[in-house]
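Note sheet for the following structure.
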Amino acid sequence: MSDTAALAGWAEEIAAQASKQLGRTIDNMVPIDKGWMNAKWKMETQEGPLFVKLYHPDRYKLHLHADRLSAMERTLHLQHGLHTAGVPCPAVYGSQASYLHRLPSGLYYALLDWSEGDNVPAGHFSEAQMSSLGEATGRMHAWLRQVPPLPKLAWKPDREAYLTALEHNREKAKEANDTVVLTWQSKSQRVVKSMDFGMFEGAVPGWLHWDLWVDNILVHGRDVSAIVDFDRMTMAYQDIDVARALLSGALRNGELDTAKARSFMEGYRAHAQVTDNMLLRAFSMLFLIESIWWQRTEIRKQSELRGLLARFVEEMNWIGDNWDRLPEQLREL
């Protein structure tokens with residue numbers, strides 16, 4: 001079966017089932033060509049549009065992994081709680097028992113409110129939009145702090161684990177004679193070896209979005225209308241969301257716009273406490289997580305074709321290139 005035929009079949013299945021569940025007539029299922037592998041539609045009904053996300057069997061394999069299924073259920077439950085608490089994110093249709101819907105074919109999908117708004121290109125948020133994003137992020141983190149923690153964090157800072165993974169990536173780059181990536185990796189090695197891991201002792205574990213970048217943020221005018229795509233939400237450190245949002249919204253032409261970054265932090269501080277070293281800790285965590293992934297030969301080859309990947313590479317290289325002056329720059333925020 002072709003991809004087009006599969007999409008059409010899934011759309012028909014979902015429309016038939018959702019119509020019975022919601023008691024609505026489904027007028028149309030408009031495909032949304034965005035994201036990786038998962039199928040998405042704008043479901044048009046007379047009562048208003050809804051957003052449909054089908055979890056692609058080759059990406060999540062929810063039908064084979066009960067732990068992933070329960071994690072996705074929990075994530076949708078938390079998202080709906082955030083919406084109910086007034087955080088700008090779509091409501092999820094379902095019940096306390098289940099926010100995931102299972103098709104007769106065994107695949108799973110979610111039904112959410114349709115959120116009006118536009119994506120802003122990376123680095124092009126206005127000061128007002130950054131302020132709104134900071135406030136929304138602060139409110140999200142404040143609400144998530146009352147959610148019971150998981151028994152184990154998804155990630156912790158670990159210098160040795162980073163350097164071991166980096167050495168593996170360096171061997172791959174050497175095999176490919178990729179001098180560009182080897183240069184990136186040398187800078188990253190210096191950064192991590194010089195990093196004071198003692199600063200992480202003050203980091204408080206918590207639930208976070210984990211993927212708070214421009215493609216998952218919708219804006220309407222001056223304001224953030226919705227934070228979307230909570231699929232990666234987990235337990236680690238909320239600081240990571242802050243660094244990810246700042247880089248994604250305010251880094252442009254090789255410079256972190258101080259006014260935009262300060263606007264984000266002012267909005268964030270209205271709902272969350274920020275300690276003196278929190279931002280350096282946040283950027284350090286983000287670098288440990290993402291540079292090991294983006295600064296690879298495989299990614300560089302793909303990023304030449306896909307601007308999305310190139311942007312993440314740019315952000316990690318910016319942290320590495322500005323590491324020595326980063327503490328002073330972040331103190332201004």
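Taking each residue as 0.36 nm, the span from Leu103 to Glu255 lengthens on full extension beyond its C-alpha to C-alpha distance by 50.0 nm. Net charge dipole, the chain: roughly 540 debye, given to the nearest 20, about the Cα centre with Cβ charges of +1 for Lys and Arg and -1 for Asp and Glu. For the options Met235, Met195, Met316, a Gaussian network treatment of the chain with springs between C-alpha atoms closer than 10 Å singles out Met195 as fluctuating the most. With an a/c value of 1.5 or above and a/b not larger than b/c for the gyration tensor axes a ≥ b ≥ c computed over the alpha-carbon atoms, region 245-297 is described as oblate. Separation of region 294-333 and region 81-102 by C-alpha centroid, Å? First find each Cα centre; the distance between them is then 34 Å. Here Ala85 and Ile32 are evaluated by their C-beta separation; at R0 = 35 Å the FRET efficiency comes out at 0.85.
Close amide H contacts of Tyr93 (hydrogens built in the peptide plane, cut-off under 5 Å, sequence separation of 5 or more or a different chain): Leu111, Leu112, Asp113. For region 3-113, a crude dipole built from +1 on the beta carbon of Lys and Arg and -1 on the beta carbon of Asp and Glu, taken about the Cα centre, is about 280 debye to the nearest 20.
Using a cutoff of 8 angstrom between alpha carbon atoms and counting only pairs six or more residues apart, the relative contact order for region 252-333 works out to 41 percent.
The angle between the Cα long axis of helix 127-144 and the longest principal axis of the Cα atoms of the chain comes to about 80 degrees, rounded to the nearest 10. Extension gain for the segment Asp118 to Gln302, taken as residue separation times 0.36 nm less the Cα-Cα distance, is 63.6 nm to one decimal.
Look at the Cα gyration tensor of region 122-226: its axes a ≥ b ≥ c give a/c of at least 1.5 with a/b at or below b/c, and that counts as oblate. When the Gaussian network model of the chain links Cα atoms closer than 10 Å, the mean-square fluctuations of Leu246, Leu308, Leu111 top out at Leu308. Take every Cα pair under 8 Å whose residues are at least 6 apart in sequence, average their separation, divide by the length of the chain, and the relative contact order is 18 percent. Here the sum of -39500 (n - 2.57) over DSSP H runs of 4 or more residues, divided by the residues of the chain, equals -15500 deg cm²/dmol at 222 nm, to the nearest 500. Against the main long axis of the alpha-carbon atoms of the chain, helix 258-269 sits at an angle near 60°. Given the Cα atoms of the chain, and with Rh set as the inverse mean 1/r over their pairs in the Kirkwood sense, what is Rg to Rh to two decimals? Across the chain, the Cα-based Rg/Rh ratio is 0.98. Against the chain, whose longest principal axis is taken from its Cα atoms, helix 3-22 shows a tilt of about 60°.
So which residue, out of His209, His80, His124, gets the largest mean-square fluctuation from a GNM of the chain using Cα contacts under 10 Å as springs? Result: His124 has the largest fluctuation of those listed.
Laboratory data are not the source of any read-out in this text; all were calculated from the coordinates shown. Please read these numbers as outputs of a predicted model, since none were measured by experiment. Here Cβ is always computed from backbone atoms with ideal geometry, including for glycine, and neighbour counts include all displayed protein chains.
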